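Here's the structure, in structure tokens; my notes come after.
The values are calculated or read from the model by the stated rules, or taken from the named source; none is laboratory data. Computed from a prediction, not measured in an experiment: that's the story for all the values here. Cβ atoms come from the backbone with ideal geometry, glycine included; neighbour counts cover every protein chain shown. SASA here: full protein model, heavy atoms, side chains in, ligands and nucleic acids out. Shrake-Rupley method; radii C 1.70, N 1.55, O 1.52, S 1.80 Å.
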Amino acid sequence: MGLPLLSLIVFTPVAGAAVLMFLRSDDAVRWTALAVSILDLALCIAMLASFDTTTHEMQFTERRLWVPALGITYALGIDGISALFVFLTALLGSICVLASWVAIDLKVKAFMVSLLSMQALMLGVFCALDLFLFYVFWEAMLIPMYLIIGVWGGEGRVYAAFKFFLYTLAGSLLFLIGVIVLYFNGGETFDILALTAQDLPFPVQSWLFFAFLIAFAVKVPMVPVHTWLPDAHVQAPTAGSIILAGVLLKMGAYGFLRFSLPMLPEASVYYSTLMLSLSALAIVYGGLLALAQDDLKKLVAYSSISHMGFVTLGIFALNLRGLEGGILQMFNHGVTTGALFLFVGLIYERTHTRSIAEYGGLMKAAPVYTAFLALFTLSSMALPGTNSFIGELLVLSGGFAANLAVGAAAVLGALLGAAYLLGMYRKVALGPASVGARFKICDVNAREMAAILPLAVLVLWLGLYPKPFLGIIDVSVKHLLAQVHDKGSGP
Amino acid sequence: MTAAALFQSALASLPEIVVITGACILLILGQLVRRGQEHFLVWASVAIVLIAALATLILSGEVRPAYTGMFVADRFAVFFKFVFYLATILTFLLSRKYADIEGIGSSEYYVLLLFALSGMMIMASATDLLSIYVGLELMVLCTYVLTGFLRRERRSNEAALKYVILGAVSTGIFLYGVSLVYGLTGTTQLDGMAAAVTGDPLDPGLLLAEVFIVAGLVFKVGAVPFHMWVPDVYEGAPTTITAFMSVGPKAAGFAVILRVFLNPLVAASDVWIIVAVIAVVTMALGSFVALVQDNFKRLLAYSSIVHAGFALFGVVAGGADGIASVMLYLLIYSLMNLGIFGIVILMRNGDFSGEVIEDYAGLAKSHPGLALLMLLYLFSLAGIPPTAGFFAKFYVLVALVERGFVMLAVIAVLLSAVAAYFYIRIVMVIYMREPERTFDPALPPLVRATLAFTAAGTIGIGLFPAWFLRLAQHSVLTADRLNLQ
């Protein structure tokens, strides 16, 4: 195909943002942003339709010299792992536009421009095949995200935006040093595939592993460096939370998959126990914190820490089930938690409170809302028939195979998940009506439905028939695993 | 000196001659300019610089040594001269309206800037400690006067006085170092020094001389421990002059540092350790003190200290890539810093000074375009991609890691994370606060053009750094005297 499909996917939102600059009315801005994001989604679906699931090779590759003097190229390409996240990003992009339709009524144009630039940069991260290009996309995301949280966020938005910015910046800068060290140790190239083929000495791998770990752990976020997340989530507008939970947190895990595992296989194997323990800690600690929350958004935010623990646990189990489960959970978490943040946003728009204690009996006032909320709550709990069940099962079985104690901790985390999620649902939806009495609350409208339905379909589709999704990642994951175990058989 | 040699020398220094002659003519013509005709001065000054630039371009084909080893016109000098031209022309364009408002639009203002420019050009080309001294003094004497140009303001007078006294001391220190070198080696030529130093590695007297010369030069770029003058002088000087000083003379200082220290001394001693320590301390001090500044000009002063520190890391790295990284850094820094100063300058209107950071609260609401530009410059200064500032830092880090200084690179990036905080704080004030006043910036076409140009540079070099990188590397490699490694 002569068409640079990936460049189109990445730069369509940029072009859309440029068009928005010239529009005057807020409604025109909203409709254009929606059209652009749907067009982008359509491009992604077209890409998936012609995606070859039988090869682990990078597909739709594009390569142009960018800074020849330093061996930097503009290189894009995707394999099964990135394909899944390109799709997720584009899907959540459209949903974010819908979710901010009425929630954002100040500086709509600037918001939509930020949102679309954010989408372009995230897509760029998943498509980049050059480390320098990857870093540019990765780091540039800070600008729109900082503005989204800081300008359109809640009361404590400025503090939250600062914290988000500085945490990620400090982490990423060490990653940058790691990238440069890798450049000089890997034959002066930024080409990700060429670097993957290198065999670095263990001490170098070891140092790089920790340089990368800091950057990725901040994004995931793993437990000691997770404190920016609840602040950012709680203060961000709904669309910001969806982006954060749906895509941004995936970037860290994606970094492990794309860089740490294939480029530093020995170090990854050597430090896998450490990573498993940190993941187990995140699962249990995040679950306990979620259990103690009264703020609905905080609860979902802390549950994210727990769920992302499952992802890293699956990844560093370093076996097929663990890896596939981890990747699937990344996708599931994007869908489910994205949806949960959307639901928090919907109810906040109506009641202007996020305190769980003030809700209750929503079932009567908003039956459709609560029905879908039930679906996503169950999905977050990983009930059979929903998407997360498949992923969590794979992660747990991979985790047990890797380390019994860690597996046991993960099961405990899953139990905690059931506890806080069921508790949340009971207090919000069931029981005597309180909100319905004090606030005027109406059920979801057609626009909101349009945002919810695709996610609900994905939840059930993945839960009942996960094969197409596993099929996309399968070959790439097997290849990745072979890379790790071929080269990474211990120092 | 034969007539032919004299002609060759004059030819090599033609750009300098053009600027100095032009400045002298303008000094006379300036007396005849009537009130309301001041724009003539701007265009005449710009024309002089453009003619000099044209001469530089025409002569840039080959290396031309001149004045019996005092002076050379090589690619290295050409690169720096173009940075100076850029800084000077943009300063002229920014000055017009500001000079009207402040009532400093007399011809001396432009003439002094032109003389300062010629001083910087001599510094970039000088290959002898004495010609360096001549260029240096020509430059700083003009900036002393320009700093005190707001005659009615106490702050400006005080800044000028402080600058003169401290500058004189640092010049004295520099001259003492030069005299030591002359006493010990019998020469002040850089090449001769190189030979003398490599002959006898660690003469303690020479080491002392090095330290004195370092001290004199470090003062000019505003690095620790000779940074004390920077915030006061930057704050007190007219903002246009602050903008000029933060890029032009600083680049000139680095031109000399690169020529002096990467030539004779790297081979001879571990002088890079001194420079590394200076770089770390400079960045640390600049970043942490900037965190608590309320005055925009003071903050930018500390920011310029931080950037001097970062560029010094490139000097530490040395080698062709290290030198090229410093050069590219200075070019990019000039663009983004003049951009941000441009905005500060155009804020000066009526009774509004635009010097307090809080003044900018809610700028995004009333002037979205200006706010967006400011956002661009600030993120570029903080080194966030895809802006040029990121590439500047990136290349310095590449040079550092290439030479094995990974720890220094880590320190450099951690300190830039601290520095990022105060740039982001300004973004916060602009975007996340409600406006407390109405803005009425002075936005004449010249200022608009300047801002457009610097913005295009800040984005353009960030997205397409290849050409500029090659230019910097090219300028280093053909300056064979620098290519020691």
Requested in this report: Name every residue in segment B:436-456 that is in contact (Cβ under 8 Å) with a residue 24 or more places away in the chain and either within 18 Å of A:Pro144 (Cα to Cα) or of a type in the set (D, E, K, R) (or both), in order of residue number.
Outcome: B:Glu436, B:Arg437, B:Asp440
Query raised in the report: For segment B:54-87, which residues satisfy the criterion of being charged (D, E, K, R) and part of a helix (DSSP H, G or I)?
Result: B:Arg75, B:Lys81
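Is it the case that A:Leu98 is open to solvent by 10 Å² or more (accessible area, probe 1.4 Å), assigned to a helix (DSSP H, G or I) and closer than 22 Å to A:Ala339 by Cα?
Yes; evaluated as a whole, the condition is true for this residue.
Can you confirm whether segment B:121-130 contains a residue that is in a helix (DSSP H, G or I), open to solvent by less than 40 Å² (accessible area, probe 1.4 Å), among the acidic types (Asp, Glu) and out of contact with any Lys or Arg (no Cβ under 7 Å at 6 or more places or on another chain)?
Filtering segment B:121-130 down to residues in a helix (DSSP H, G or I) leaves B:121-125, B:129-130.
Okay, now just the ones that are also open to solvent by less than 40 Å² (accessible area, probe 1.4 Å), so B:121-125, B:129.
Checking which are among the acidic types (Asp, Glu) leaves us with none.
No: segment B:121-130 contains no residue that is in a helix (DSSP H, G or I), open to solvent by less than 40 Å² (accessible area, probe 1.4 Å), among the acidic types (Asp, Glu) and out of contact with any Lys or Arg (no Cβ under 7 Å at 6 or more places or on another chain).
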Requested in this report: List the number of the failed condition for B:Pro385; all other conditions in (1) more than 9 Å from chain A (Cβ to nearest Cβ); (2) open to solvent by less than 40 Å² (accessible area, probe 1.4 Å); (3) not β-branched (Val, Ile, Thr) hold.
Outcome: (1)
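Based on what the data block shows, is B:Pro225 of a type outside the set (A, V, I, L, M, F, W, C), loosely packed, with under 15 Cβ neighbours inside 10 Å and within 19 Å of the chain's Cα centre (by Cα)?
Spelling it out, B:Pro225 is indeed of a type outside the set (A, V, I, L, M, F, W, C), loosely packed, with under 15 Cβ neighbours inside 10 Å and within 19 Å of the chain's Cα centre (by Cα).
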Requested in this report: Inspect all residues belonging to segment A:169-183 and state whether any of them is in contact (Cβ under 8 Å) with a residue 40 or more places away in the chain, open to solvent by less than 20 Å² (accessible area, probe 1.4 Å) and within 30 Å of A:Asp27 (Cβ to Cβ).
Outcome: no
Report summary line: A:Val125: passes all of (1) closer than 27 Å to A:Leu342 by Cα; (2) over 13 Å from the mean Cα position of the chain (by Cα); (3) β-branched (Val, Ile, Thr) but (2)
Query raised in the report: Residues in segment A:146-170 that are at the interface with chain B (Cβ under 9 Å from one of its Cβ atoms) and either acidic (Asp, Glu) or closer than 19 Å to A:Phe216 by Cα (or both): how many?
Result: 7
Query - Pair list, Cβ < 7 Å and 6+ apart or interchain, from segment A:64-80 residues that are within 11 Å of chain B (Cβ to nearest Cβ) and touching a residue at least 40 places away in the same chain (Cβ under 8 Å) to residues that are of a type in the set (Lys, Arg) and surrounded by 21 or more Cβ atoms within 10 Å (Cβ to Cβ) - result: none
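Determine if segment B:374-391 includes at least one residue that is over 30 Å from A:Ile177 (Cβ atoms) and either aromatic (Phe, Trp, Tyr) or at pLDDT 90 or above (or both).
no
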Query - Whichever residue in segment A:318-329 is modelled with pLDDT under 90 and hydrophobic (A, V, I, L, M, F, W, C) and, among such residues, is nearest to A:Ala402 (Cα to Cα) - result: A:Leu318
Report task. Would you point out the residue of segment B:404-430, among those that are within 16 Å of B:Val281 (Cβ to Cβ) and surrounded by 23 or more Cβ atoms within 10 Å (Cβ to Cβ), that is nearest to the other protein chains (Cβ to nearest Cβ)? Result -> B:Ser416
Report task. With the checklist (1) more than 20 Å from the chain's Cα centre (by Cα); (2) open to solvent by less than 40 Å² (accessible area, probe 1.4 Å); (3) farther than 16 Å from A:Ala128 by Cβ; (4) touching a residue at least 24 places away in the same chain (Cβ under 8 Å) in hand, flag the one item A:Ala28 doesn't pass. Result -> (4)
Report task. Specify which of the listed residues (A:Gly360, A:Gly385) is open to solvent by 10 Å² or more (accessible area, probe 1.4 Å) and not in a helix (DSSP H, G or I). Result -> A:Gly385
Query raised in the report: Taking the condition in a helix (DSSP H, G or I) and crowded, with 20+ Cβ neighbours inside 10 Å, does B:Val111 pass?
Result: yes
Query - segment B:25-39: number of residues that are free of Cβ contacts under 8 Å to residues at least 60 places away in the same chain and not aliphatic (A, V, I, L, M) - result: 5
Query raised in the report: Somewhere in segment B:360-377, is a residue open to solvent by 10 Å² or more (accessible area, probe 1.4 Å), closer than 18 Å to B:Val429 by Cβ and charged (D, E, K, R)?
Result: yes
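Can you confirm whether A:Phe11 is under 23 Å from A:Ile473 (Cβ atoms), open to solvent by 10 Å² or more (accessible area, probe 1.4 Å), of a type in the set (Phe, Trp, Tyr) and touching a residue at least 40 places away in the same chain (Cβ under 8 Å)?
On the way: under 23 Å from A:Ile473 (Cβ atoms): no; open to solvent by 10 Å² or more (accessible area, probe 1.4 Å): yes; of a type in the set (Phe, Trp, Tyr): yes; touching a residue at least 40 places away in the same chain (Cβ under 8 Å): yes.
Spelling it out, it is not the case that A:Phe11 is under 23 Å from A:Ile473 (Cβ atoms), open to solvent by 10 Å² or more (accessible area, probe 1.4 Å), of a type in the set (Phe, Trp, Tyr) and touching a residue at least 40 places away in the same chain (Cβ under 8 Å).
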Report summary line: Out of (1) more than 18 Å from the chain's Cα centre (by Cα); (2) surrounded by fewer than 23 Cβ atoms within 10 Å (Cβ to Cβ), the one B:Arg298 does not meet is (1)
Query raised in the report: Taking segment A:109-136, which residues are open to solvent by less than 20 Å² (accessible area, probe 1.4 Å) and within 9 Å of chain B (Cβ to nearest Cβ)?
Result: A:Phe132, A:Tyr135, A:Val136
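Conditions (1) buried (at least 24 other Cβ atoms within 10 Å of the Cβ); (2) assigned to a helix (DSSP H, G or I); (3) among the aromatic types (Phe, Trp, Tyr); (4) within 14 Å of the chain's Cα centre (by Cα), marked per residue:
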site: A:Leu65; (1), (2), (3), (4): no, no, no, no
site: A:Ala69; (1), (2), (3), (4): no, yes, no, no
site: A:Ala75; (1), (2), (3), (4): yes, no, no, no
site: A:Leu88; (1), (2), (3), (4): yes, yes, no, yes
site: A:Ser94; (1), (2), (3), (4): no, yes, no, no
site: A:Val102; (1), (2), (3), (4): no, no, no, no
site: A:Leu106; (1), (2), (3), (4): no, no, no, no
Requested in this report: Of all residues in segment A:171-217, count the ones that are within 13 Å of chain B (Cβ to nearest Cβ) and either aromatic (Phe, Trp, Tyr) or part of a helix (DSSP H, G or I) (or both).
Outcome: 24
Query - B:Gly354 being over 20 Å from B:Ala87 (Cα atoms) and more than 14 Å from every other protein chain (Cβ to nearest Cβ) - result: yes
Report summary line: A careful count of residues in segment A:363-382 that are part of a loop (DSSP other than H, G, I, E, B) and open to solvent by 30 Å² or more (accessible area, probe 1.4 Å) gives 1
Query raised in the report: For B:Arg433, which of the numbered conditions (1) open to solvent by 10 Å² or more (accessible area, probe 1.4 Å); (2) without any contact (Cβ under 8 Å) to a residue 40 or more places away in the chain; (3) within 11 Å of chain A (Cβ to nearest Cβ) fails to hold?
Result: (2)
Query raised in the report: Among (1) open to solvent by 10 Å² or more (accessible area, probe 1.4 Å); (2) within 30 Å of B:Ser106 (Cα to Cα); (3) modelled with pLDDT of 90 or more, which single condition is B:Gly135 missing?
Result: (1)
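Give me a count of the residues in segment B:360-397 that are in a helix (DSSP H, G or I) and under 28 Å from B:Phe310 (Cα atoms).
So the count comes out to 24.
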